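*Asks:* Below you'll find the structure I mean.
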Amino acid sequence: MTTDNYVVFIVDDDGGITEALGELPETYGMRTVAFGSAGEYVTAEKSDVPARLSLDVELPNINGADRRGRSSANRFLHRRSRHPSSVRAMKDRKKRSERAELSELRQRYLELTPGKREVLPLVVSCLLNKQAASELSISEVTLQIHRRNVMQKTPAASLADLVRIAERLGIPITHSRRAGGY
């Protein structure tokens, strides 16, 4: 699930509070929708996506049964809560997203052939093609083909992206251009 299909509904009659509450979810890339009253929230059309509801429990004209019965949100929070559950929920969500992304990167790495897995640490070590090919006892052309295939099979758009991916996967940078007299 991406943050594009997740929403945080904020219901509060204090515009300053609404604005402040909206900032945190937005730092995590979540969409926020604010309402100035419980009535606005209840009558608004809501898409069927995972949601959180931050609700001022002291708003007039709505009771607990109405809140739960008319909401698509799966978690209720309110600004007078003693528990920072909204922050914890957003942090947990970010951690789950990062774990899922890492799992996908690991799967893509495991799908690489053994030859491509040998090329990856040399490429992210920023060795010249000539140096990396010599290290593996293959031609520069073969190395370039492996390198291109590694780039295509990972979500790397650049060498810098590939270095970041290798770092996340724990692939060590074991070589240097300066080592070995190249």
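Every number here is computed from the coordinates shown, using simple stated rules; none is lab data. Keep in mind that what you see is a predicted model, and the values were worked out from it rather than measured. Glycine gets a Cβ as well: all are built from the backbone with ideal geometry, and neighbour counts include every protein chain shown.
*Asks:* How about LYS91: which aspartates and glutamates have a C-alpha closer than 16 Å to its C-alpha, ignoring those fewer than 8 places off in the same chain?
*Replies:* GLU23, GLU26, GLU101
*Asks:* Given region 111-181, what whole percent of its Cα pairs are spread farther than 19 Å? Numbers along the way, then the final one.
*Replies:* On the way: 620 of 2485 pairs.
Tail fraction, whole percent: 25.
*Asks:* Separate question: Starting with the fewest neighbours, write out ILE171, ILE165 ranked by other beta-carbon atoms found within 10 Å of each beta-carbon. Could the numbers behind the result be given before it?
*Replies:* Values: ILE171 17, ILE165 20.
Fewest-to-most ranking of ILE171, ILE165: ILE171, ILE165.
*Asks:* At 7 Å along the Cα-to-beta-carbon direction for both ASN149 and VAL33, put a label point, then send me their distance in nm to one decimal.
*Replies:* 4.8 nm
*Asks:* Cut-off under 20 Å on the C-alpha distance; same-chain residues fewer than 8 positions from LYS116 excluded. Which lysines are left, in chain and number order?
*Replies:* LYS130, LYS153
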